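To start, the structure itself, in structure tokens.
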Amino acid sequence: MSLVVLAIFAGGLLLLRRRSDLGLFALSMYVATVFTYHRHYDLVLLVPALAYLIDRSLRSANVFLAGAAGMMTLLLIIPSSSRLLGRWEMTYDRVFAVLSYVVLIVLIGVIALEPKAEGESGPRETGPGPG
């Protein structure tokens, strides 16, 4: 299943290739973390996605994006430890999974709606080289 998701994601990256580098890097790290084998300490790979959401929410003054960034911050801060959460650990894991997918959908939407990078409006023309 992970291989199928990663193949679909690779196709999506190809379609979004002219978007911001930070956005594409953040999306790549997010998908790599969520859809492949990982441990809780691998969640540091989600930090670029958090940085991207914060950047976009500040640039656009969008309350929805600020909320998504805040939700993601809480996901990364609240630890999943049976000693700390006790009987709530299973509930936390389910909530974490659902909110992770919500943030992923928001991230994909933000990247897809952002304008293409400057100078990338179409195929590059190749002219004669120097000399």
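The values are calculated or read from the model by the stated rules, or taken from the named source; none is laboratory data. Everything quoted here is computed from the prediction, not taken from an experiment. Neighbour counts run over all protein chains shown; Cβ positions are idealised from the backbone, glycine included.
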| task | Could you please let me know if Pro123 is modelled with pLDDT of 85 or more and within 19 Å of Gly12 (Cα to Cα)? | result | no
| message | So Asp93 passes all but one of these: (1) within 24 Å of Asp21 (Cβ to Cβ); (2) assigned to a helix (DSSP H, G or I); (3) at pLDDT below 85. Which condition number does it fail? | response | (1)
| request: Would you confirm whether any residue within region 50-72 is modelled with pLDDT of 80 or more, within 24 Å of Ala7 (Cβ to Cβ) and surrounded by 13 or more Cβ atoms within 10 Å (Cβ to Cβ)? | output: yes
| Any idea which of (1) at pLDDT below 80; (2) aromatic (Phe, Trp, Tyr); (3) outside any loop (DSSP other than H, G, I, E, B) is the one Tyr37 doesn't satisfy? | (3)
| said: Residues to consider are Leu65, Leu43; find the one that is part of a helix (DSSP H, G or I), more than 20 Å from Val95 (Cβ to Cβ) and free of Cβ contacts under 8 Å to residues at least 60 places away in the same chain. | reply: Leu65
| message | Which numbered condition in (1) assigned to a helix (DSSP H, G or I); (2) over 19 Å from Tyr92 (Cα atoms); (3) of a type in the set (D, E, K, R) is the only one that Arg17 fails? | response | (1)
| said: Looking for something over 17 Å from the mean Cα position of the chain (by Cα) and without any contact (Cβ under 8 Å) to a residue 12 or more places away in the chain - is there at least one such residue anywhere in region 4-19? | reply: yes
